[in-house]
1. Looking only at the stretch 51-63, count how many residues are of a type outside the set (Lys, Arg) and open to solvent by 100 Å² or more (accessible area, probe 1.4 Å).
2. Which pairs turn up if I take residues in the stretch 1-24 that are charged (D, E, K, R) and look for partners that are modelled with pLDDT under 70 and in a strand (DSSP E or B) with beta carbon separation below 7 Å, at least 6 apart in sequence or on another chain?
3. From the residues in the stretch 30-50 that are in contact with a strand residue (DSSP E or B) (Cβ under 9 Å, 6 or more places away or on another chain) and farther than 25 Å from residue 5 by Cβ, which one is surrounded by the most Cβ atoms within 10 Å (Cβ to Cβ)?
4. What single numbered condition from (1) surrounded by 11 or more Cβ atoms within 10 Å (Cβ to Cβ); (2) modelled with pLDDT of 75 or more; (3) of a type outside the set (Phe, Trp, Tyr) fails to hold for residue 16?
Amino acid sequence: MNWVIRTCQQIVRERSHKTFWAPAGTTEGTPSPEQLMQTAREDVLDKLLRIIDGAQCVMKDIEHERAKRKR
């Protein structure tokens with residue numbers, strides 16, 4: 001769980017531009033709502049999904065090992 005939280009914090013740091021949320025590589029003014037939605041879908045949510053999938057895989061491995069030891 002800490003891994004997921006740290007990743008969320010990292011995403012916020014990477015995506016903050018001065019005082020507002022911005023897509024990566026944005027150097028101009030405030031991005032359009034379409035740019036924000038696109039970035040959220042393709043970058044932020046995909047990254048979070050990969051991290052959560054990794055955490056679930058680790059948890060399954062731990063549960064599997066515990067089950068083997070109980071036998």
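1. 2
2. 15/21
3. Once the filter is applied, the top-ranked residue is 31.
4. The single condition residue 16 does not satisfy is (2).
The values are calculated or read from the model by the stated rules, or taken from the named source; none is laboratory data. Since the structure is predicted, the reported quantities are computational estimates derived from the model, not experimental observations. Ideal geometry is used to build each Cβ from the backbone, glycine not excepted, and the neighbour counts take in all protein chains shown. Heavy atoms of the whole protein, side chains included, go into the accessibility calculation; ligands, DNA and RNA do not. Shrake-Rupley method; radii C 1.70, N 1.55, O 1.52, S 1.80 Å.
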